[in-house]
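One structure is given here, and the rest of the page talks about it.
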Amino acid sequence: MMPVVLWTDALVFLLIACAAGAGFYVGRREYLLASWRRVGESRAGMAALTVLLAFVAVGLLDSLHYRPRLDVAAGKPGGGYSTEVRSALDALLLPLKAATEKTYSAPLATHLYAKETVELPDGSQARLFPRLKHGGAHLQDAEAKWGRDVALRVLRGLALAVLCGLTFAALAAQLAARHWGIGRLAAWRRIRRGETRIAWNAVLATLAVLLLIAGPVASLAGGYHVFGTDKVGQDVLYLTLKSIRTGLVIGTITTLAMLPFAVALGIAAGYLGGWVDDVIQYIYTTLNSIPGVLLIAAAVLMVQVAIDTHPDWFATGAQRADARLLALCLILGVTSWTGLCRLLRAETLKLRELEYVQAAQAFGASAIRVMGRHILPNVMHIVLIAVVMDFSGLVLAEAVLSYIGIGVDPSTISFGTMINTARLELAREPVVWWSLLAAFVFMFVLVLAANLFADAVRDAFDPRLAGRRAALREKTA
Amino acid sequence: MSLLRVESLRTFIDSADGTLRAVDDVSFDVSSGETFALLGESGCGKSMTALSLMRLLPDAGRIAGGRVLLDGCDLLALTEAEMRQVRGRDLAMIFQEPSTSLNPVLSVGRQIGEVLSRHTPLRGDAAKRRAVELLDAVGIPDAPRRLEEFPFQFSGGMKQRVMIAMALAGDPRLLIADEPTTALDVTIQAQVLELLGDLQRSRGMGMLLITHDLGIVGQLAQRVGVMYAGQLVEVAERRAFFERPRHPYSQKLFAALPRPARRGAGLETIPGSVPSLAASFAGCRFAERCAHAWARCRSEPPSWHGTDAGHGVRCHLYAPGAAPVDRAGAALPATPERDDRQPVPAPLLEASGLKVHFPIRRGLFKRTVGQVRAVDGVSLGLTSGRTLALVGESGCGKTTAGKAILQLIRPTAGSVRFGGEELTALGGERLRRLRGQMQIVFQDPYASLDPRMRVGDIIEEGMGALKAGAAAAERERRTVGLLERVGLSGEMRGRYPHEFSGGQRQRIAIARALAVEPRLLVCDEPTSALDVSVQAQILNLLRELQASLGLAYLFITHNIAVVEYLAHEVAVMYLGRIVERGSAAEVLGDPKHPYTEALLSAVPRLDAQGQRPLIVLRSDLPSPANPPSGCHFHPRCPRAMPQCARDYPTETRLDDTRRVRCLLYG
C-alpha cells in the first residue's frame, strides 16, 4: 500500500504537534498548569473531554490515508495502486463498508425496506420484501431466530464491555496504587469517591457508559446494519463514523485558519492604534455587515468552479474532495475571525495602559517585542476560551452549509450531507428516519461534549470567576 | 451606655488557601457623639469588621461568633428583612471609592430619594426639600440644580459628599466611614474630614472611622483601636495613644512614618509583612516582626491587659510582673547628610518650556476642537545624586510631565536635555540607547510586573532590549546581584510576581529599573500603594541606592511627608505649570505661593503644634482643557486680587534657588 497524506491530514497532524508543544509549554509554567488543573477538577469537563477524545480517536484513525495495492493477478506487471483512497478506519470497518445492500433497510432489519419483484425458486414471480444480502444473512429462518440472535449478540457485547471496563478499572487502580504507594483496593476507593485532584471517577464512569454502548453495537454490527442502510444501501453506522472526521476537521482547521488573522490583527489594532486601528476596524466592520452565508456561498462556488475546470490537479477523487473541504475551512476561517479580533482588540487596549507595558517601552523594547512578550501571553486565555467555544459552532455551521448545498463535496461523508439526503427520506412514504436520527445523535453528543468542555475551560481560565470558584469549592467541600 | 458594643466578633472567610480568620475575637465600644478609629495596615481585617457590623460580607464570608449590640439590640440575631431596616436608618456606611459607590445612570436626587423613601415617611416635594437640605449640609453649592445631575457631572470630592449626604438621609445613629478619603487629594481630603467632624459633632452621631493614616486619626478620632492580623492589639484615648503608644506594633507604626526630623537617617521599618490569616497562631501574631519578642510570645497568645483609663493592650510586655519597656526602639544611627551647599555640577537633566497637549477630537472627521493642556510649560533641572520632588494634586499633570521627560509621551513643545543631548530631537536607535540611562518606577506594583513572566525574565528584559550582546550566564549573575541589592534573594528569580507581597514587588520593579544602570530614575508615586511599614522599607532602599550609585531621582508624589523626608528640591505643580520651586527646606518650611500654603496646611499632622491653620480651598481642580483666565489658581485662591484674573504671573526669582509664579511677589 502507498500512504497518502491529504492536505487536511497534514494540517490535523500539524495541529496535534501544536497541541503537544503547547502541552509541553504549559507543563513548565506553574500558573498555566494551575488553570488546567482546575479543568481537571471539573467533573462535567472531564466527562466531556473523555467523550471528545473518543471522537478524536475515531477522527484520527480516519486521517491515516493510504491507497491499497491492487491484486497482482488483476494488475499490470509490478503492481499498481488503486485510485481509491482508504483510511485506517476504512480498513477496520471494511466489513461494514463492503456490506452494501440494494437500498434502504431499517436498523437491525433482515429484509429490505422496499418491496421488489423477485423470482421464486419455482419460477414464479412475487412482490415481497427480499432478504438482505448481509444484514441477518447468517440466519436461516429470519422470522423465528431474529429476536434470540439479537439478544444473544447484545449480551455478548455487554459481557465484552464489562470485561473491558473491569480491565480499565484494574489498570487505573494499579497505576494509582503505584503513584500513591498504597494498596490497590484503597486506591480504587479513593478514585471512586473522587478524592483525587483530577476527576478520574468522572472519566472512568464516562468510559464505562461509552463501553456499554459501544460493546453491543460492535457485536451487533458483525451481523446486522445497526443503524440501517441508506438509499444506495450503504451502512449508516459506517457513514456516521466517517462523518466524525469531517466535523472535527471543520471545527479545528477553521480555527487554525482564523487564529492568525484574529490574534495578529486584534493585537495590532489595540496596541498600535491610529491608522492601523482604523484600517483593521473598517475591514472587520465591513466583513461583519455582509451576510456570512452569502460570502461563503460565493467563495465556495468559485473554488468549486476552479476545481471542476482543472481535473488534472488531483490524482484521486478523495484528494479533490479534500481540497474542497480545506477550502471550506479556510473560507469559514476568513469570515469568522472578526468576533475574536474585536475581543482581543478591547483587551489589548486595556493591557496597553498597564504599567508593565510602559516599563517595557521605557527600556526601548520594540512594538513587536512588546506585543509578543507582554500582550500575547496575557490574552492567550481569551484565545483559548474563544477557540473551544467556537468549535461546536463550526461543526453546526458545516451541517447548515452542506444542507443548503454549499458545504463539502457531495462525495465527502459528513453530518451535513447526511442531513441533506434525509430531507428527501423524510418526505417519502413510509418514512426513512434512521439516517437523520443517527446523524443527529452523533452530532448532538459531539457538540454537547464540546460545549460542556468549553464551559469547564472558560470557568477555569476566566479570572473574574476566580474568587467565586474558591467560595463555591469551600461550600461544596 | 455605649451606642455600639461589639463583643468578641469573629468573621471567617472561606478561600482556596483554607479559612481566613479575618476578624478574630474583636471587642470594642462606640458611644454617641464619639469617633472611634480602627487603625491598621491593609489585610488586618479593618474593613471586614465594618462589613460584619453591616452584615454585608462577601459570599465566602461568614460571622462565626460574637455579638454586635446597637443600643442593646443584637444585630447578628436579626433576620435579613429586619436588618434591611437597620441599614441606612440606624447604621450607615461610606465607602472608599466614591466613583464606584454611586449608580452612574441615576441622578443624584433619585439616589438620595431612594434612601429617604425607604427609611422616612417623606415623599414627593417634601422628600425633595429634604434632599436639598442634605446636599446643603454636606456643602454642595447650588443644591436644587445639582439634585438633577448625574454622578459623572460631579468631581471626586463632590461625589464623596453626595455619598455622605446619602448616608445621612436615614438619620443614622452610627456612621461607618471606611477609608473615606483615601481616594481623594490632600486638599479635598481636608475638606471632607472637616465636614465629617462637623456633622458628627452637630448630630451627636457615633462614628466608626477606618483608616491606615495616623494623621487622619489624629485629626478626627477621640479613641483609637489598632488592629493587627484580625485582632485588636491596642485601644486607647487619642491623646494617650499619640503621647505614649504601648503595643510594639503601634510604636513601630509611629517610627516608620517619614518626617523631616528623620532626614538623612534611615527610617525604622517593621521587618516582614502581615502574616496570612489562614495560619493558626500559637503565640502572639506580631511576634515574628517584633523587636521585643521573647520565647513566651511565640508559645502563648497574649491576653488583654487593661492599663489606665480605657487604655488596653494585647501584649505580654504589659502582663502583670513583666519588665516595663521604653517607648521607642533603638534609634537608627543617622548617616551624615551630604552638604546641601556643595558646588552644583552641570545638571544631568534640564527641561525647559516642556508642553504636552492632547487634542480633543469631536465629530465625524475627528476635527480637533480643543487641547487638554496636561503639561503647559514646565521647566526644571536635576543633578546627579539629588532628588527633585514634583508635588501636586492628581490631575495636575505631574505623571504626564515625568513620562514626557522620558519620551514615553512625546512632548508637544519644549526641550529636554539629558546629559547634554537634546532628547526631543532624538529618535529611533539613538533614543533607544539613551533609554538605559533613564528609568521609571511605577506606582502600582501589582500592575507594573507582567504576571506571565518570571522575576528573572522581568529583570533581564531591559538588558535584553538594550544590550543584546551580554551572555546568558553573565545576565543571570547580574540578576542575582540586583535581587540581592534590593534586599531579595537570588533564588527568587524563578518565581512569578503573584508569589510576592506589594513591597517585594516594588523591590523587583526597582531592580528591573536598575538592571540597565540608569543615571536618572523617575519614581512615579512609588510608595502610595504600600502600607506605612513597607513604605519605610522602600524609602530606605531608595535612599541607600542614591547614596551608593549617585542616582538622580525625579520623585513624583502627592505625599508631603515623603517629600519632607527624601527630597532635596521641590517643585509644586498646579494645572500643568510649576507654581513654585526651590530647596525642600525653603518650600516646605516657608511656602510663598498661596497654593503651596494651602497644600501644606491640608496635610494632617501628628503633633497638634505643627499643624498650620487649615486653609480650605474653594471648589476643585479646574479642567486642564479649559483653564481659568489669568492665574490658573485665582478662582480658588484665598488671596486673589483683581489682576489675578487677567494676567498669568511670570516667574519671580526670590533668591538663587527659589522661584515662584505669583502676582503677590511680582
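The values are calculated or read from the model by the stated rules, or taken from the named source; none is laboratory data. What you see is a predicted model; the values in this text were computed from it and never measured. Neighbour counts are summed over all protein chains in view; Cβ atoms, including those assigned to glycine, are modelled from backbone coordinates with ideal geometry. Just so you know, the surface numbers come from the protein's heavy atoms only, side chains and all, with ligands and any DNA or RNA stripped out. Shrake-Rupley method; radii C 1.70, N 1.55, O 1.52, S 1.80 Å.
Within region B:509-524, being more than 9 Å from chain A (Cβ to nearest Cβ), part of a helix (DSSP H, G or I) and within 21 Å of the chain's Cα centre (by Cα) holds for one residue alone: B:Ile510.
What are the pairs, 6+ residues apart or on separate chains, where a residue within region B:265-280 that is farther than 16 Å from B:Ser250 by Cβ and surrounded by 13 or more Cβ atoms within 10 Å (Cβ to Cβ) has its Cβ under 7 Å from a residue that is of a type in the set (Val, Ile, Thr) and modelled with pLDDT under 80? Once the first residue is farther than 16 Å from B:Ser250 by Cβ and surrounded by 13 or more Cβ atoms within 10 Å (Cβ to Cβ) and sits in region B:265-280, its partners that are of a type in the set (Val, Ile, Thr) and modelled with pLDDT under 80 give B:Ala265/B:Thr335.
Output the residues belonging to region B:2-29 that are assigned to a loop (DSSP other than H, G, I, E, B) and either open to solvent by 40 Å² or more (accessible area, probe 1.4 Å) or within 14 Å of chain A (Cβ to nearest Cβ) (or both). Selection gives B:Ala16, B:Asp17. Which residues, counting only those in region B:417-438, are within 11 Å of another protein chain (Cβ to nearest Cβ) and open to solvent by less than 40 Å² (accessible area, probe 1.4 Å)? Answer for region B:417-438, where residues must be within 11 Å of another protein chain (Cβ to nearest Cβ) and open to solvent by less than 40 Å² (accessible area, probe 1.4 Å): B:Leu431, B:Leu434, B:Arg435, B:Gly436, B:Met438. Checked against the criterion of being within 14 Å of chain A (Cβ to nearest Cβ) and of a type in the set (Gly, Ala, Ser), the candidates B:Gly61, B:Gly65, B:Gly124, B:Gly88 yield just one match: B:Gly61.
Taken over region B:212-227, the criterion of being within 15 Å of B:Cys44 (Cα to Cα) and at pLDDT below 90 is satisfied by B:His212, B:Asp213. For A:Gln125, indicate whether it is over 24 Å from A:Lys242 (Cα atoms) and either aromatic (Phe, Trp, Tyr) or modelled with pLDDT of 85 or more (or both). Criteria met by A:Gln125. In region A:105-133, the residues that are closer than 20 Å to A:Val217 by Cβ reach residues that are open to solvent by 60 Å² or more (accessible area, probe 1.4 Å) and assigned to a strand (DSSP E or B) with C-beta atoms within less than 8 angstrom, at least six apart or across chains, in these pairs: A:Thr110/A:Arg131. Restricting attention to region B:644-666, the residues being assigned to a loop (DSSP other than H, G, I, E, B) and buried (at least 19 other Cβ atoms within 10 Å of the Cβ) number 3. In region B:406-416, the residue that is surrounded by the fewest Cβ atoms within 10 Å (Cβ to Cβ) out of those that are within 11 Å of chain A (Cβ to nearest Cβ) and closer than 16 Å to B:Leu521 by Cβ is B:Leu408. Of the residues B:Ala473, B:Ala465, only one is at the interface with chain A (Cβ under 7 Å from one of its Cβ atoms), of a type in the set (A, V, I, L, M, F, W, C) and assigned to a helix (DSSP H, G or I); which? Just a single option satisfies the conditions, and that option is B:Ala465. Out of B:Ser548, B:Ser583, B:Ser528, one residue alone is free of Cβ contacts under 8 Å to residues at least 12 places away in the same chain and surrounded by fewer than 24 Cβ atoms within 10 Å (Cβ to Cβ). It is B:Ser548.
Table: residues versus (1) touching a helix residue (DSSP H, G or I) at 6+ places or on another chain (Cβ under 8 Å); (2) not in a helix (DSSP H, G or I).
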position: B:Gly402; (1), (2): no, no
position: B:Val416; (1), (2): yes, yes
position: B:Arg430; (1), (2): no, no
position: B:Ile440; (1), (2): yes, yes
position: B:Glu460; (1), (2): yes, no
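Within region A:132-153, the residues that satisfy the criterion of being within 37 Å of the chain's Cα centre (by Cα) and surrounded by fewer than 15 Cβ atoms within 10 Å (Cβ to Cβ) are A:Lys133, A:Ala137, A:His138, A:Gly147, A:Arg148, A:Ala151, A:Leu152. Out of all the residues in region B:30-45, is one or more in contact with a Phe, Trp or Tyr (Cβ under 9 Å, 6 or more places away or on another chain) and open to solvent by 30 Å² or more (accessible area, probe 1.4 Å)? For region B:30-45, residues in contact with a Phe, Trp or Tyr (Cβ under 9 Å, 6 or more places away or on another chain) and open to solvent by 30 Å² or more (accessible area, probe 1.4 Å): absent.
Filtering region B:390-401 for residues that are within 11 Å of chain A (Cβ to nearest Cβ), surrounded by fewer than 21 Cβ atoms within 10 Å (Cβ to Cβ) and not β-branched (Val, Ile, Thr) leaves an empty set. No other residue among A:Thr83, A:Thr110 is open to solvent by 60 Å² or more (accessible area, probe 1.4 Å) and either of a type in the set (Val, Ile, Thr) or touching a helix residue (DSSP H, G or I) at 6+ places or on another chain (Cβ under 6 Å) (or both) apart from A:Thr83.
Take A:Val395 and tell me if it is under 21 Å from the mean Cα position of the chain (by Cα), over 30 Å from A:Thr103 (Cβ atoms), open to solvent by less than 10 Å² (accessible area, probe 1.4 Å) and among the β-branched types (Val, Ile, Thr). Don't jump to the end; show me each part of the working.
Working: under 21 Å from the mean Cα position of the chain (by Cα): yes; over 30 Å from A:Thr103 (Cβ atoms): no; open to solvent by less than 10 Å² (accessible area, probe 1.4 Å): yes; among the β-branched types (Val, Ile, Thr): yes.
Spelling it out, it is not the case that A:Val395 is under 21 Å from the mean Cα position of the chain (by Cα), over 30 Å from A:Thr103 (Cβ atoms), open to solvent by less than 10 Å² (accessible area, probe 1.4 Å) and among the β-branched types (Val, Ile, Thr).
If A:Trp434 passes every condition in (1) buried (at least 23 other Cβ atoms within 10 Å of the Cβ); (2) under 18 Å from the mean Cα position of the chain (by Cα); (3) not polar (S, T, N, Q) but one, which one does it miss? For A:Trp434, the failing item is (2). Please determine, by comparing only the residues of region B:442-458 that are closer than 12 Å to A:Tyr356 by Cβ, assigned to a loop (DSSP other than H, G, I, E, B) and open to solvent by 50 Å² or more (accessible area, probe 1.4 Å), which one is nearest to the other protein chains (Cβ to nearest Cβ). Restricting to residues being closer than 12 Å to A:Tyr356 by Cβ, assigned to a loop (DSSP other than H, G, I, E, B) and open to solvent by 50 Å² or more (accessible area, probe 1.4 Å), the top hit is B:Arg452.
Residue-wise test of (1) open to solvent by less than 30 Å² (accessible area, probe 1.4 Å); (2) within 25 Å of B:Leu193 (Cβ to Cβ).
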{"residue": "B:Gly65", "(1), (2)": "yes, no"}
{"residue": "B:Val68", "(1), (2)": "yes, no"}
{"residue": "B:Cys73", "(1), (2)": "no, no"}
{"residue": "B:Glu82", "(1), (2)": "no, no"}
{"residue": "B:Gln96", "(1), (2)": "no, yes"}
{"residue": "B:Thr100", "(1), (2)": "no, yes"}
{"residue": "B:Arg110", "(1), (2)": "no, no"}
{"residue": "B:Leu135", "(1), (2)": "yes, yes"}
{"residue": "B:Gly156", "(1), (2)": "no, yes"}
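For A:Phe453, the test of being surrounded by 14 or more Cβ atoms within 10 Å (Cβ to Cβ), in the same structural domain as A:Ser35 (by TED's automatic domain parsing), under 26 Å from A:Ile296 (Cα atoms) and touching a residue at least 60 places away in the same chain (Cβ under 8 Å) is failed.
In this structure, does B:Glu569 turn out to be out of contact with any Pro (no Cβ under 9 Å at 6 or more places or on another chain) and either more than 29 Å from B:Arg505 (Cα to Cα) or at pLDDT 85 or above (or both)? I'd like the intermediate steps shown before the answer.
On the way: out of contact with any Pro (no Cβ under 9 Å at 6 or more places or on another chain): yes; either more than 29 Å from B:Arg505 (Cα to Cα) or at pLDDT 85 or above (or both): yes.
The answer is yes for B:Glu569.
Kindly check whether there is at least one residue in region A:372-385 that is farther than 30 Å from A:Asn451 by Cβ, within 13 Å of chain B (Cβ to nearest Cβ), touching a helix residue (DSSP H, G or I) at 6+ places or on another chain (Cβ under 7 Å) and crowded, with 21+ Cβ neighbours inside 10 Å. Give the derivation first.
Step one: filter region A:372-385 for residues farther than 30 Å from A:Asn451 by Cβ, giving A:372-374.
Remaining after also requiring within 13 Å of chain B (Cβ to nearest Cβ): A:372-374.
Narrowing the set further to residues that are touching a helix residue (DSSP H, G or I) at 6+ places or on another chain (Cβ under 7 Å) leaves A:374.
Restricting the remaining residues to those that are crowded, with 21+ Cβ neighbours inside 10 Å gives A:374.
The answer is yes; a qualifying residue exists.
Residues are listed down the side, and each one gets a yes or a no for (1) β-branched (Val, Ile, Thr); (2) over 22 Å from A:Ala438 (Cβ atoms):
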site: A:Thr103; (1), (2): yes, no
site: A:Thr110; (1), (2): yes, no
site: A:Gly123; (1), (2): no, yes
site: A:Gly136; (1), (2): no, no
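When A:Val279, A:Val293, A:Val303, A:Val334 are checked against the criterion of being open to solvent by 10 Å² or more (accessible area, probe 1.4 Å), over 30 Å from the mean Cα position of the chain (by Cα) and in the same structural domain as A:Leu396 (by TED's automatic domain parsing), a single residue qualifies: A:Val279.
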